[in-house]
Amino acid sequence: MTYCVGLLLDQGLVMLADTRTNGGIDNICCFAKLHVFNTPGERQIAVMTAGNLAVSQAVINLIREGMPDPDSGELRTIHSVSGMFEAASLVGEAVRWVFEKHGKVMRQQKVPFDVSVLIGGQIAGAPQRLFEVYSAGNFIEATRDTPFLQVGEHKYGKPILDRSINSDTSLADGVKLALISMDSTLRSNLSVGMPLDLLVYTRDRIDGGMQRRVSEEDVYFRQLRDAWSRALHDAQRAIPAPDWGQARG
């Protein structure tokens, strides 16, 4: 399991993923789940994956190396698609191809076909967009009403985002909230783990964005974790106790 979160903000995109892959309690590995495809000035696309590692890696390789166009037969890659909707469609086609190729054998081996993908970015001349692709290859798009999407072990980090994220949230605050959401998940689920991969992309720049690997020793992340814990402690102590007799003791 893993946790990935993408924020679609007026100022740009924030995308954050952990790197833990859990094949059992004695088989914990570190694999990057965030993949960035950038042609400066022409396209900026980031893909994050959750679920079965073999399926996820196959999907990434297919969109990188190419899928044949059903009409022309020409290879389409993440570097050749003409828009973000087509990019999401390409990811969906790759997911379905892997299922058709390996799904039957996986079922025979009692291995679930489990994959979900976040794909976000911008192609020059078009708006930035963010999609979530499901294991059936279909997908949804983030909107101003719901400006974030999550895949993987998302339930612990979602309440933070539900209460705090709006389209007009600044990139700086988006980074803070994504990291707080991740910290809440790290504290509650051992299948999500450090280090973290972060991409911060400013709308219309198409320049690769700011990428950072956040380790356990990262000074800012440690400060954020401590400050959030103190803030929660102080907030609950500041709330009046219920006027329910024994409950006030």
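Okay, residues lined up against (1) surrounded by 23 or more Cβ atoms within 10 Å (Cβ to Cβ); (2) aromatic (F, W, Y); (3) at pLDDT 95 or above:
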site: V117; (1), (2), (3): yes, no, yes
site: G125; (1), (2), (3): no, no, yes
site: I140; (1), (2), (3): no, no, yes
site: F148; (1), (2), (3): yes, yes, yes
site: I165; (1), (2), (3): no, no, yes
site: D168; (1), (2), (3): no, no, yes
site: D183; (1), (2), (3): no, no, yes
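Test M182 against the stated conditions and say whether it is over 26 Å from A94 (Cβ atoms), without any contact (Cβ under 8 Å) to a residue 24 or more places away in the chain and touching a strand residue (DSSP E or B) at 6+ places or on another chain (Cβ under 7 Å).
Here the answer is no, as M182 does not meet what is asked.
I'd like to know if the stretch 207-225 contains one or more residues that are within 13 Å of C4 (Cα to Cα), touching a residue at least 40 places away in the same chain (Cβ under 8 Å) and part of a loop (DSSP other than H, G, I, E, B).
no
Need pairs with beta-carbon distance below 9 Å; first residue closer than 22 Å to H154 by Cβ and touching a residue at least 60 places away in the same chain (Cβ under 8 Å) and within the stretch 33-50, second among the acidic types (D, E) and buried (at least 24 other Cβ atoms within 10 Å of the Cβ); sequence gap 6+ or separate chains.
Close Cβ pairs (under 9 Å, with a partner that is among the acidic types (D, E) and buried (at least 24 other Cβ atoms within 10 Å of the Cβ)) amount to K33/D18.
Got at least one residue in the stretch 171-178 being more than 15 Å from the chain's Cα centre (by Cα) and within 24 Å of A88 (Cβ to Cβ)?
Among the residues of the stretch 171-178, at least one is more than 15 Å from the chain's Cα centre (by Cα) and within 24 Å of A88 (Cβ to Cβ), which makes the answer yes.
Kindly indicate which of F131, F113 is touching a residue at least 12 places away in the same chain (Cβ under 8 Å), among the aromatic types (F, W, Y) and either in contact with a His (Cβ under 7 Å, 6 or more places away or on another chain) or assigned to a strand (DSSP E or B) (or both).
Result: F131 is the single residue among F131, F113 that is touching a residue at least 12 places away in the same chain (Cβ under 8 Å), among the aromatic types (F, W, Y) and either in contact with a His (Cβ under 7 Å, 6 or more places away or on another chain) or assigned to a strand (DSSP E or B) (or both).
For the stretch 199-214, state whether one or more residues are closer than 21 Å to I119 by Cα, modelled with pLDDT of 95 or more and among the aromatic types (F, W, Y).
yes
Does D243 qualify as being charged (D, E, K, R) and surrounded by 15 or more Cβ atoms within 10 Å (Cβ to Cβ)?
It is false that D243 is charged (D, E, K, R) and surrounded by 15 or more Cβ atoms within 10 Å (Cβ to Cβ).
Checking the structure you have, find out if any residue of the stretch 185-201 is surrounded by 13 or more Cβ atoms within 10 Å (Cβ to Cβ), in a helix (DSSP H, G or I), touching a residue at least 40 places away in the same chain (Cβ under 8 Å) and touching an Asp or Glu at 6+ places or on another chain (Cβ under 7 Å).
The answer is yes, given that some residue of the stretch 185-201 is surrounded by 13 or more Cβ atoms within 10 Å (Cβ to Cβ), in a helix (DSSP H, G or I), touching a residue at least 40 places away in the same chain (Cβ under 8 Å) and touching an Asp or Glu at 6+ places or on another chain (Cβ under 7 Å).
Need the failing condition index for I180 against (1) of a type in the set (A, V, I, L, M, F, W, C); (2) closer than 19 Å to A32 by Cα; (3) touching a Phe, Trp or Tyr at 6+ places or on another chain (Cβ under 8 Å), just the number.
So the condition that I180 fails would be (2).
From the list G137, G121, G125, which one is at positive phi, out of contact with any Asp or Glu (no Cβ under 8 Å at 6 or more places or on another chain) and part of a loop (DSSP other than H, G, I, E, B)?
G125
List every residue pair whose Cβ atoms sit under 9 Å apart, with the two residues 6 or more apart in sequence or on different chains, where the first one lies in the stretch 158-169 and is at positive phi and the second, anywhere, is β-branched (V, I, T) and in a loop (DSSP other than H, G, I, E, B).
Close Cβ pairs satisfying both conditions: none exist.
Suppose the filter is in contact (Cβ under 8 Å) with a residue 24 or more places away in the chain and assigned to a strand (DSSP E or B); does V175 pass it?
No, not satisfied.
Failed condition for Q122, given (1) touching a strand residue (DSSP E or B) at 6+ places or on another chain (Cβ under 6 Å); (2) over 23 Å from N38 (Cα atoms), with all others met?
Just one mismatch for Q122, condition (2).
The values are calculated or read from the model by the stated rules, or taken from the named source; none is laboratory data. Since the structure is predicted, the reported quantities are computational estimates derived from the model, not experimental observations. Please note: Cβ atoms are built from the backbone with ideal geometry, for glycine as well, and neighbour counts cover all protein chains shown.
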